[in-house]
Structure formats: C-alpha cells, structure tokens
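The values are calculated or read from the model by the stated rules, or taken from the named source; none is laboratory data. All figures in this text were calculated on a predicted structure; none of them were measured in a lab. Cβ placement follows ideal geometry from the backbone for every residue including glycine, while neighbour counts extend to all protein chains displayed.
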Amino acid sequence: MSHGERTEFKNPVINWIDERLPVFSLMQREYGAFPTPRNFNYLWNFGAISMFMLVTMIATGIFLAMEYTPATDRAFGSVERIMRDVNWGWLLRYLHANGASMFFFAVYIHIFRGMYYGSYKKPRELLWIMGIVILVLMMATGFMGYVLPWGQMSFWGATVITNLFSAIPVVGNSIVTWLIGGFAVDNPTLNRFFALHYLLPFVIVAVVFLHVAALHISGSNNPLGIEPKSAKDTIPFHPYYTSKDLFGLTVFVIFYALIVFFAPNVLGDPDNYIQANPMQTPAHIVPEWYLLPFYAILRSFTLDIHIPFTSIVLLNSKLGGVILMGGAIAMLLLMPWLDRSPVRSAVFRPLYRIAFWLFVVVCLVLGWIGAQHAAEPYITIGQIATALYFSFFLVVLPLLSRFEKTLPLPSSIAEAVLKKD
C-alpha cells in the first residue's frame with residue numbers, strides 16, 4: 001500500500017469516518033501492514049510495554065492531581081487523604097508510585113537491548129538520540145514526582161539535587177534560586193515541581209511520537225542486525241507482533257500487579273513516610289533506585305583540582321561530579337559515533353558481547369554503590385566502577401571498532417530463520 005492510500009473497511013461507520021479523516025488507514029498502514037523483520041525476540045516487547053506504562057502513568061497522575069494539594073503544610077496530609085479517604089485512592093497511588101519503577105525497568109531493558117543488538121547504528125542514530133532524550137525527561141519527571149509526597153526523603157532529596165546547580169560557574173546560584181523559587185526548598189519549590197511533573201509527561205509523549213515516527217521511517221532493527229532484503233525477510237506487524245506484544249505485556253502486568261497488591265512499599269524509602277522536617281536531616285539521603293547509578297557517578301569525584309603551585313581551585317569536587325554525571329548521559333548520546341564497527345549485533349561480535357555484559361555488571365555495581373553511605377570502601381569501589389563505565393565508551397568501543405574480528409553474517413533474515421528452524 002503506497003503512502004497516503006486509503007484502506008476500504010467492512011464496517012460502514014469506520015469507512016465513513018476514514019473517507020473524511022483517514023486515521024484508520026493510517027493505523028492500518030503503520031501498525032497493521034507495516035513490514036517488520038520476522039525474527040524479533042521477546043526483548044522487542046519492551047517498546048510496547050514502555051508505551052503502556054507511559055499511558056498508565058499519565059492516566060493515574062491526572063486522577064491523583066485532582067486530590068493532591070501542592071502546599072508544604074498540606075501536601076503530606078493530602079497524600080494520606082488519598083490513601084485513606086478517596087475511593088480507590090490507595091490503588092491509584094500505588095499504581096503511580098510503583099509504575100514509575102516499572103516504567104524505568106522497561107525503558108532500561110529497552111536501552112540495553114538496543115546497545116546489545118546495535119540499534120543505535122546508521123540509519124537509526126536520530127532514533128537512538130531521541131530515546132536517550134526520553135530517558136532524561138523521565139529522570140527529571142521521576143525526580144520531581146518523588147518530591148511531591150513531601151516526606152523526609154522528598155525534601156532533602158530536592159535540597160541536595162537542586163543545590164548541584166550551584167556548582168555551575170557564574171550563573172549557578174541564580175539557576176538554583178530560579179529553580180526552587182527562593183533561597184531554600186519551600187512552598188514555591190513544591191508548586192514548581194508539581195507543575196513541571198504534570199507537564200513533562202506530555203512533553204515525553206511528543207518526543208515518543210517523534211521516536212516512533214523515526215522508527216517507521218528507518219525501520220526496525222532485529223537480533224541479526226541486518227537489513228531486510230526481500231519480502232521473505234518481513235511479516236506484517238499485525239497480527240504477528242500485536243499478539244506477541246500482548247503476551248509480553250500480560251506477563252509484565254502480572255508482575256506489576258504482584259508488586260502493587262502484595263509489596264507496594266518494597267521500592268519506597270521508609271524515611272519518605274515521615275513528614276518533611278527541615279530541622280532534621282536523614283542519616284542517609286538517596287534517590288529512587290532508577291537514579292542510583294548516576295548518583296554514584298556524581299559522588300565519585302571527590303577531589304578539588306588546583307592550578308599547579310597555587311591554592312586556586314580550578315575544578316571543585318561538586319562541579320566535577322556534575323560534569324561526570326552529565327558525561328555519563330552524553331556517552332549514551334555519542335554511542336553511534338564511538339562504535340564504528342560495521343557489524344551491528346553482538347551475536348556476531350564476540351569481544352563486544354563480553355564487553356557489553358561487563359558493562360551491565362558495572363551499571364549494577366554503580367546502582368548498589370549509589371544506595372550506600374559515602375564512606376570507604378564504597379567511595380573507592382564507586383570510583384573504579386565510574387572509570388570502567390567511561391572506559392567502555394571511550395576506550396573499549398573505539399578499539400573494538402578497529403581490531404575486533406567479527407563472525408560472518410547470514411545473507412538474509414529469512415535464511416537465518418529457516419536454517420534455525
């Protein structure tokens with residue numbers, strides 16, 4: 001079916017609407033007859049799962065916003081009221097709070113899958129970059145949402161993270177003042193974060209739309225990392241992958257429901273069930289689990305760098321940590337140009353496959369370090385893990401691009417699938 005061509009539908013109502021506004025033809029073209037590589041595995045389900053979680057988070061967030069009060073003297077109480085007095089409020093809150101973790105879980109698997117199978121390589125560089133932009137927007141949205149219950153970890157987390165901007169030379173303090181709406185985290189801060197937490201998901205929707213549009217232009221990657229060469233290499237998206245996505249989504253939702261109904265607080269911090277008190281600092285301030293690797297990288301820079309033979313500080317530890325944390329995300333953005341190997345999939349790159357799994361272990365170690373106190377031996381372990389994180393991008397990928405001996409690629413997707421069968 002060529003671009004813009006209408007589909008005739010049996011249902012007269014749908015056909016009547018489509019003649020005047022061809023939205024159903026668009027859906028049929030992009031999600032029905034759209035040719036898709038025939039060898040997707042279940043890791044490709046996590047794109048659809050992420051879309052489902054985005055819709056779930058927006059829907060539950062809208063209903064929660066109807067009952068939430070963004071004021072420092074009432075926010076904590078309004079959350080308790082949602083839990084105790086609002087019909088099904090406890091369910092909405094647990095779906096939303098745990099949904100953030102499930103959303104990040106799905107997106108992280110989606111990203112790691114893209115790294116393993118080379119989905120960031122030409123012609124999908126822009127598709128990859130928009131995916132990382134979505135991750136950054138999710139991190140900002142998740143952080144602001146964590147502040148809204150106005151518990152101890154909410155208040156002190158907001159205080160610590162917003163003060164990081166003060167490390168920026170010249171304009172840092174002005175940025176902090178603008179961000180929190182004053183000289184300390186207080187009512188204006190909570191109002192700002194509530195407004196932005198409500199707005200950013202719709203910005204994410206816009207970027208996801210561009211992400212999906214870019215996917216449909218460049219086409220999907222696949223586990224072999226080779227482009228379809230004929231009609232035998234592809235199958236229509238519906239019903240093959242709609243049914244496969246539905247099965248994967250069902251399994252995911254069962255896991256999500258088990259957490260919501262049987263362990264809804266397992267991912268929360270106990271200190272955040274205590275109302276915020278500016279006069280009492282928690283013993284250990286940590287963000288949510290999905291930010292812990294970046295928090296560990298932030299804390300790994302512990303030295304002030306001076307101009308030689310002077311006491312003038314060229315780079316203090318706070319600014320160094322902020323640069324490292326930003327650099328950790330920048331490495332992901334630059335991955336299409338850091339990895340110049342002509343072979344996409346790790347299936348045919350034995351050394352890259354080893355390096356990738358070591359990188360995954362490093363990320364898990366960073367997540368564990370981020371949850372520990374800033375003391376030895378955790379500081380040293382975090383610094384080593386941070387060095388390994390950046391080495392993967394700046395040393396391993398360029399070297400493998402030049403010296404790795406890859407395995408021979410199959411001539412087509414169909415040949416590999418039929419041979420496997």
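Quick rundown of the values:
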quantity: Filter result for Tyr290 (surrounded by 18 or more Cβ atoms within 10 Å (Cβ to Cβ), hydroxyl-bearing (Ser, Thr, Tyr) and assigned by TED's automatic domain parsing to the domain that holds Leu148); calculated: yes
quantity: Residue satisfying condition, being assigned by TED's automatic domain parsing to the domain that holds Asn163, over 30 Å from Met130 (Cα atoms), crowded, with 17+ Cβ neighbours inside 10 Å and not aromatic (Phe, Trp, Tyr), within set Ala346, Ala416, Ala385; calculated: Ala416
quantity: Residue, nearest to Ser300 (Cα to Cα), within segment 367-409, restricted to residues that are among the polar types (S, T, N, Q) and in a loop (DSSP other than H, G, I, E, B); calculated: Gln372
quantity: Residue, nearest to Cys363 (Cα to Cα), within segment 286-319, restricted to residues that are in contact with a strand residue (DSSP E or B) (Cβ under 7 Å, 6 or more places away or on another chain) and of a type outside the set (A, V, I, L, M); calculated: Asp304
quantity: Candidate set: segment 29-87, residues that are within 30 Å of Arg6 (Cβ to Cβ) and in contact with a strand residue (DSSP E or B) (Cβ under 8 Å, 6 or more places away or on another chain); chosen: the one surrounded by the most Cβ atoms within 10 Å (Cβ to Cβ); calculated: Pro37
quantity: Test: Ile109 is under 26 Å from Phe294 (Cα atoms), touching a helix residue (DSSP H, G or I) at 6+ places or on another chain (Cβ under 7 Å) and either in contact (Cβ under 8 Å) with a residue 12 or more places away in the chain or crowded, with 20+ Cβ neighbours inside 10 Å (or both); calculated: yes
quantity: Meets criteria (in contact (Cβ under 8 Å) with a residue 12 or more places away in the chain and either of a type in the set (A, V, I, L, M) or part of a helix (DSSP H, G or I) (or both)) for Thr177; calculated: no
quantity: Residue check for Met153: under 30 Å from Met331 (Cβ atoms), aliphatic (A, V, I, L, M), assigned to a helix (DSSP H, G or I) and out of contact with any Asp or Glu (no Cβ under 8 Å at 6 or more places or on another chain); calculated: no
quantity: Selection status of Leu43, hydrophobic (A, V, I, L, M, F, W, C) and either at pLDDT below 90 or outside the structural domain of Arg113 (by TED's automatic domain parsing) (or both); calculated: no
quantity: Helices (runs of 4 or more DSSP H) enclosed by segment 1-70 - at least 1 residues per element that are within 30 Å of Asn191 (Cβ to Cβ); calculated: 45-65
quantity: Residue among Ala385, Ala374, Ala330, Ala355 that alone is modelled with pLDDT under 95, over 30 Å from Thr234 (Cα atoms) and out of contact with any Asp or Glu (no Cβ under 8 Å at 6 or more places or on another chain); calculated: Ala374
quantity: Any hit, segment 124-140, residues being of a type in the set (Lys, Arg) and surrounded by fewer than 22 Cβ atoms within 10 Å (Cβ to Cβ); calculated: no
quantity: Selection status of Arg20, free of Cβ contacts under 8 Å to residues at least 24 places away in the same chain and touching a Pro at 6+ places or on another chain (Cβ under 8 Å); calculated: no
quantity: Flag if Asn191 is at pLDDT 95 or above and not in a helix (DSSP H, G or I); calculated: no
quantity: Single residue of segment 293-310 satisfying the filter (surrounded by fewer than 21 Cβ atoms within 10 Å (Cβ to Cβ) and of a type in the set (A, V, I, L, M)) that is farthest from Gly327 (Cα to Cα); calculated: Ile307
quantity: Matching option when the condition is more than 23 Å from Pro70 (Cβ to Cβ) and in a helix (DSSP H, G or I), among Ile259, Ile235, Ile204, Ile226; calculated: Ile259
